[in-house]
Amino acid sequence: MTTYDTQVIVAGAGPVGTVAALNLARRGIDVVLCEAGPDCAQDLRASTFHPPTLEMLDELGVVDPMLEYGIHAPVYQFRERQSGEVVEFDLSEISDRTKYPFRLQCEQHVMAGMLAKQLEQHPRAEMLFNHRAIAFEQTDSGVELAVETPYAIDHVRGQYLIAADGGNSIIRKWLNVEFEGFTYPEKFLCLSTKVDMKEHFENLSYVNYISDPEEWLVLLRAPSVWRILLPAPESDADEYLLSDEKAHRVFSNLTGDPNTPTQHRTIYRVHQRVAKRFDHGRVFLVGDAAHLNNPLGGFGMNSGIHDAWNLCDKLEACLANGHDPAAFELFGRQRHQVTHDFIQAQTIQNKELLEVGDAEAHALKLERMRAIQRDPVKRREFLLNQAMFRSLEDAASIT
Ligand SMILES: Cc1cc2nc3c(=O)[nH]c(=O)nc-3n(C[C@H](O)[C@H](O)[C@H](O)COP(=O)(O)OP(=O)(O)OC[C@H]3O[C@@H](n4cnc5c(N)ncnc54)[C@H](O)[C@@H]3O)c2cc1C
């Protein structure tokens, strides 16, 4: 059995845990990052990085290779599938506010992998793959985490523990904190293809939200593929949703070519849930361990990275000046409130807009969107809000 001693323990090497660990190591803080898997999970989930997240990654010194690899998407579109109407927003209009006036389309595992490599070489960091957190104990002065390796149960002792172990977080379960919210009844199906969707739609941007009462869609370009996200009834069996028959139907409706080859076919269950509290003494929930939301708007990973960023400031101060429960309580309140007021509310609204639902209500929403688009002041506010600048300002204003 091995015992590690460190200042901060991070569980989970997804995008949020790797950002937290590298941020701390670069501040001169000792950190041990325990990841259950043999590497950073390669599944195709988040692919949109918003401008303030890119600014944070710039501070970590990792943004340049990401900018080189990823696709810059300044424009995103809301499309009406039936009428063909397009309402478009262009982040270039806020280039006075940010060095990165675009969404960067880049798979989350590419970033997590880059950060894990840096952590492996960092003198302040220990990157432990195949180390699954299984239980922890906290006292007034620290936390001890038990981790399962292929051959033993090891222990990691630190002053603080960051739970970045994803939506199924075992640390959240041990804390017995309520994970309030709901799970959507329908499934979400994600298909990807190397066929260029721009050839099938006039003036398509790289990020497109397409409303339709029968089958709404999100069409996104990632560096390696185009991704198509759509809802699927709960009653449809997974085998059918992953079958050629279903893919043929989707592409037949989308491009007219049922035989479009696919690279990935994945089914997700989607939740809108927020942990009742993010700070628990010396243990903190961040990212999907703390909150889950639908992917419409690209906020889940980005807001998790923003949680980690906020928490690292408080950790640095407390490690330098002594433990201050009020600092961590402030982290919890700041991030809980913006998760609730912005991330949850906005993602629920985004889904309602795509679904159309009641035709009259949808017409009103669409008219509101057109009005925002036409008015330069409202349009700028919308761009700053959707780019997540406002949620960071709102969090900072909570004292
Ligand atoms: C289809 C889809 C599209 C999405 N698109 C976007 C998008 O464009 N933009 C966006 O911001 N968000 C998006 N999201 C959400 C985003 O994927 C998540 O919010 C993000 O992955 C959360 O990161 P995380 O690091 O908190 O958790 P995860 O990515 O789930 O990482 C958790 C890590 O912890 C590890 N782990 C789990 N249990 C343990 C344990 N006991 N011990 C040690 N390690 C453990 C896991 O192996 C994993 O590596 C999307 C989600 C889906 C499903």
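The values are calculated or read from the model by the stated rules, or taken from the named source; none is laboratory data. As the structure is a computational prediction, the values presented were derived from the model and not from experiment. Note that each Cβ is placed from the backbone with ideal geometry, even for glycine, and that neighbours are counted across all protein chains shown.
Name the one entry in V75, V31 that is buried (at least 19 other Cβ atoms within 10 Å of the Cβ) and either within 16 Å of the ligand (Cβ to nearest atom) or of a type in the set (A, V, I, L, M) (or both). Steps first, answer last, please.
Working: V75 fails: buried (at least 19 other Cβ atoms within 10 Å of the Cβ).
Step by step, each of V75, V31 is checked, and only V31 is buried (at least 19 other Cβ atoms within 10 Å of the Cβ) and either within 16 Å of the ligand (Cβ to nearest atom) or of a type in the set (A, V, I, L, M) (or both).
One residue is enough: does the stretch 88-101 have a residue meeting the conditions among the aliphatic types (A, V, I, L, M), crowded, with 23+ Cβ neighbours inside 10 Å and under 19 Å from W309 (Cα atoms)?
Restricting attention to the stretch 88-101, the residues satisfying the condition of being among the aliphatic types (A, V, I, L, M) are 91, 94.
Now narrow it down to the ones that are crowded, with 23+ Cβ neighbours inside 10 Å: 91.
When the remaining residues are screened for being under 19 Å from W309 (Cα atoms), the result is none.
Within the stretch 88-101 (the criterion being among the aliphatic types (A, V, I, L, M), crowded, with 23+ Cβ neighbours inside 10 Å and under 19 Å from W309 (Cα atoms)), the answer is no, since none of the residues qualifies.
Regarding S192, is this residue under 28 Å from R103 (Cβ atoms) and not in a strand (DSSP E or B)?
Details: under 28 Å from R103 (Cβ atoms): yes; not in a strand (DSSP E or B): no.
Spelling it out, it is not the case that S192 is under 28 Å from R103 (Cβ atoms) and not in a strand (DSSP E or B).
If you check every pair at least six apart or on different chains, which have Cβ atoms under 6 Å apart with a residue in the stretch 257-276 that is at negative phi and touching a residue at least 24 places away in the same chain (Cβ under 8 Å) first and a residue that is assigned to a strand (DSSP E or B) and near the ligand (Cβ under 10 Å from one of its atoms) second?
As it stands, the answer is T266/C190; I267/L189; Y268/F188; V270/F188; H271/L292; R273/L292; V274/H291; A275/L285, since those pairs meet every condition given.
Looking only at the stretch 147-206, count every residue that is closer than 30 Å to R249 by Cβ and either of a type in the set (G, A, S) or more than 14 Å from the ligand (Cβ to nearest atom) (or both) and tell me the total. Write out each step before concluding.
The initial filter retains those residues of the stretch 147-206 that are closer than 30 Å to R249 by Cβ, namely 167, 182-206.
So of that shortlist, the ones also either of a type in the set (G, A, S) or more than 14 Å from the ligand (Cβ to nearest atom) (or both) come out as 167, 182, 185, 192-205.
Residues in the stretch 147-206 being closer than 30 Å to R249 by Cβ and either of a type in the set (G, A, S) or more than 14 Å from the ligand (Cβ to nearest atom) (or both): 17 in total.
Give just the number: which of (1) of a type in the set (V, I, T); (2) out of contact with any Asp or Glu (no Cβ under 6 Å at 6 or more places or on another chain); (3) more than 8 Å from the ligand (Cβ to nearest atom) does I267 not satisfy?
I267 satisfies all of (1) of a type in the set (V, I, T); (2) out of contact with any Asp or Glu (no Cβ under 6 Å at 6 or more places or on another chain); (3) more than 8 Å from the ligand (Cβ to nearest atom) except (2).
How about the stretch 1-29: which of its residues are in a strand (DSSP E or B), of a type outside the set (A, V, I, L, M, F, W, C) and under 26 Å from N321 (Cβ atoms)? Even if it seems obvious, please write down each step before you answer.
Filtering the stretch 1-29 for residues in a strand (DSSP E or B) gives 3-5, 8-11.
Remaining after also requiring of a type outside the set (A, V, I, L, M, F, W, C): 3-5.
Residues satisfying the conditions are Y4, D5.
Could you please find all residues in the stretch 319-336 being away from the ligand (no atom under 15 Å from the Cβ), surrounded by 15 or more Cβ atoms within 10 Å (Cβ to Cβ) and touching a residue at least 24 places away in the same chain (Cβ under 8 Å)?
L319, H323, F328, L330, F331, G332, R333, Q334, H336
Could you please let me know if I71 is at pLDDT 95 or above, within 21 Å of Y206 (Cα to Cα) and within 18 Å of the chain's Cα centre (by Cα)? Steps first, please.
Working: at pLDDT 95 or above: yes; within 21 Å of Y206 (Cα to Cα): yes; within 18 Å of the chain's Cα centre (by Cα): yes.
Taking the combined requirement at face value, the residue satisfies it.
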